[in-house]
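The values are calculated or read from the model by the stated rules, or taken from the named source; none is laboratory data. Because the structure is a prediction, the values reported are computed rather than measured. Note that each Cβ is placed from the backbone with ideal geometry, even for glycine, and that neighbours are counted across all protein chains shown. For the accessible areas, the whole protein counts, side chains as well, though only heavy atoms, and no ligand, DNA or RNA atoms are used. Shrake-Rupley method; radii C 1.70, N 1.55, O 1.52, S 1.80 Å.
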Amino acid sequence: MNDYILDYEQVLDKLDDLSKNTKIKRENNIGITKYGLPINCYSLGKGNKSIVVTGCTHGSEIISTDFILKLMNDLSDGKEKFLNDFKIYFIPMLNPEGYLITTSAIRAKVPRNASAETQEKFAKEYYLAYKNDDISAINRKKDGKEVDRTSLKAHQEIFNDIDPNCIPEKYKEIRDKISQIFEKYKDLPKGSLITWSANADGIDLQANSRYNPSVDRIKNGETIYKDNLRHSNINISHPGPINCPFDNEEGFKYTNEIIAINSFLDKLNKKNELYAYYNYHSTGGIIYQRPIASDENDKAIMEKTIENYFFSKIYEGKLEENGSSYKIEKNQGNRTSTNDSFRIMYPLDLLIELSPMGGNPIGPYGDKKGNYNKTIESNIKAFKSSMKIFEISKMLTQEMYGKFENLNDNRANNDIKIDANDDIRDDIKIDANDDIRNDLPNKTISDIQRCMRKGNISDKNVMDAYDVIDMIYDEFYDKIKKLQIDKNNNDDGTNLNNVNKKFDGSDNLDNRYER
């Protein structure tokens, strides 16, 4: 049996093996899906500072689960020193129904006993078809033609003969529900089972947010099609494979999966244990990190904005060291997804799109050496590197905010010193004012002061803050690496001060930061 592309049962087997034969511990599941699949949770580490790592929010984003399995395996001996301070919770499949559905369709074309080479070749063919769908749509637009909402896409053609009967008898209830969806909504294209990002009710977890503007449009009876190129023939105003936020016939409600992850994060946060949330997705090579808030004078969000961006640079920097080029998304978006809400509600939150090579679910597997291996290995190294300097980087971002907050022209000739810890106080001196004056002639100290002190998070002020962080990042990071070495050589187990900013939680997803 080859395990290059894993189906649902293979994932369960690997998780069972890890929990029985390594330091990985199986925790109580965080919830049960509507059709009875457990949302499994595993842990590693001795500390009371919790890191939550999730994959497969979208069922078709199977490389995110694959990555977490390999990350768990890499850490499974429990020897990393950061595991003395932290406890990592791994949730490899937040959407087990979607993973089951998607990988059942894959298994109908690529059996378990297919060689890795055969799987890679098939995945490459799928990737090229997927890419061609985008090219065709772009050319159609250039020619002045309307978007094609009816024809099958090339990647759908490959799975045109696959229907819900591919789902094993063991999961008959899920199979029957997917069959009902296809029977009820005749506009769903054949072959779209392969991109089943939703759960078995056809609800997309990421889209399942009251703040999603599609919710009101659907309630008003509007028909909405997916707006990206390769999925432009999928109607998202009713249950289906991707992007439908709710079933209008039943009214809006949060899915079991979203309630489960929110409750889990909220419980840790209320105990002041939640330190960070790594939310892994599949394709794009992008890190989403910017919090969204409607109040432009929300100081807590401004602090979080600085922390998320600085930490994203640390993570991305390690990726770049290992030959992977990722983009940190800086632009202001709209609060449309569940993760947008989590990024406001909870401490540090990164959404990481793993594979630069697209084509869910199997496109990322179409180049094992150049894309798949590189993606997995570089992100494991980036995760481990970020964990090793977590406490130090949190200190520095807190101090960075505090020092910028008090910047004024009268102190323009003084160095900024980070008084984070007696052991490291003398090691960090950041000449931020000189950098600002020399490198940002169009920005003044008062601009930065206004931005930081008032916590004003207008788009311009956030971009100003990003510019400042970009300027001083290299020096900060050099200091961090030196401090990391010092800390790793410290045998007495001394912990650095916990300077984690605590954000209050609430029991309801709908009343947080609602203005």
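Taken as a whole, the structure leaves T150 outside the set of residues that are modelled with pLDDT of 95 or more, closer than 28 Å to N165 by Cβ and not hydrophobic (A, V, I, L, M, F, W, C).
For the stretch 248-266, the condition holds for no residue, the condition being that it is on the phi > 0 side of the Ramachandran plot and in contact (Cβ under 8 Å) with a residue 60 or more places away in the chain.
Among the residues of the stretch 297-350, the ones that are among the hydroxyl-bearing types (S, T, Y) and in a helix (DSSP H, G or I) come to 6 in all. Entry remark, the stretch 57-81: residues being modelled with pLDDT of 95 or more, out of contact with any Gly (no Cβ under 7 Å at 6 or more places or on another chain) and part of a helix (DSSP H, G or I) number 10 in total. Could you check, for the stretch 256-265, whether at least one of its residues is of a type outside the set (V, I, T) and touching a Pro at 6+ places or on another chain (Cβ under 9 Å)? Yes, some residue in the stretch 256-265 is of a type outside the set (V, I, T) and touching a Pro at 6+ places or on another chain (Cβ under 9 Å).
Among what's in the stretch 278-294 and is within 25 Å of I392 (Cα to Cα) and in contact with a Ser or Thr (Cβ under 8 Å, 6 or more places away or on another chain), pick the residue that is modelled with the lowest pLDDT. By that ranking, first place goes to P291. How many residues are open to solvent by 80 Å² or more (accessible area, probe 1.4 Å) and part of a helix (DSSP H, G or I) if we restrict to the stretch 136-148? Matching residues across the stretch 136-148 total 3.
Could you say whether any residue in the stretch 234-248 is more than 20 Å from P96 (Cα to Cα), at pLDDT 95 or above, surrounded by fewer than 17 Cβ atoms within 10 Å (Cβ to Cβ) and under 29 Å from the mean Cα position of the chain (by Cα)? Yes. Scanning the stretch 39-56 for residues that are among the basic types (K, R) and assigned to a strand (DSSP E or B) gives a single hit, K49. In the stretch 371-383, the residues that are open to solvent by 20 Å² or more (accessible area, probe 1.4 Å) and of a type outside the set (F, W, Y) form Cβ pairs under 7 Å with partners that are assigned to a helix (DSSP H, G or I) and modelled with pLDDT under 95, at six or more places apart or across chains, as follows: K381/K318. Scanning the stretch 212-257 for residues that are in a loop (DSSP other than H, G, I, E, B) and acidic (D, E) yields E222, D227, D247, E249, E250.
Listed conditions (1) open to solvent by 10 Å² or more (accessible area, probe 1.4 Å); (2) farther than 19 Å from D349 by Cβ are all met by E61, apart from (2). Looking only at residues that are closer than 24 Å to Y127 by Cβ and outside any loop (DSSP other than H, G, I, E, B) in the stretch 150-172, which one is most open to solvent (accessible area, probe 1.4 Å)? Here the residue is E157. When residues in the stretch 306-337 are screened for being closer than 21 Å to N262 by Cα and either without any contact (Cβ under 8 Å) to a residue 40 or more places away in the chain or open to solvent by less than 10 Å² (accessible area, probe 1.4 Å) (or both), 1 of them pass. If you check N256, N297, N308 for being closer than 18 Å to I389 by Cα and either at pLDDT 95 or above or not aliphatic (A, V, I, L, M) (or both), only one passes: N308. Residues that are part of a loop (DSSP other than H, G, I, E, B) and either open to solvent by less than 20 Å² (accessible area, probe 1.4 Å) or touching a Gly at 6+ places or on another chain (Cβ under 9 Å) (or both) within the stretch 99-135 comprise V110, A114, listed in sequence order. The set of residues in the stretch 5-38 that are crowded, with 18+ Cβ neighbours inside 10 Å and either hydroxyl-bearing (S, T, Y) or assigned to a loop (DSSP other than H, G, I, E, B) (or both) comprises I5, L6, D7, Y8, S19, I24, I30, G31, T33, Y35, L37. Taking the stretch 210-254 as the range and being out of contact with any Ser or Thr (no Cβ under 9 Å at 6 or more places or on another chain) and of a type in the set (S, T, Y) as the test, only S232 passes.
Looking across the stretch 176-211 at every residue that is open to solvent by 20 Å² or more (accessible area, probe 1.4 Å), at pLDDT 95 or above and in a loop (DSSP other than H, G, I, E, B), the one that is farthest from A108 (Cα to Cα) is identified as Q206. Among the candidates C56, C41, the residue that is on the phi > 0 side of the Ramachandran plot and open to solvent by less than 50 Å² (accessible area, probe 1.4 Å) is uniquely C56.
For the stretch 212-221, a tally of residues being farther than 17 Å from I344 by Cβ and surrounded by 21 or more Cβ atoms within 10 Å (Cβ to Cβ) returns 1. Applying the condition of being within 13 Å of I287 (Cα to Cα) and of a type in the set (S, T, Y) to the stretch 316-343 and asking which residue is modelled with the highest pLDDT yields Y326.
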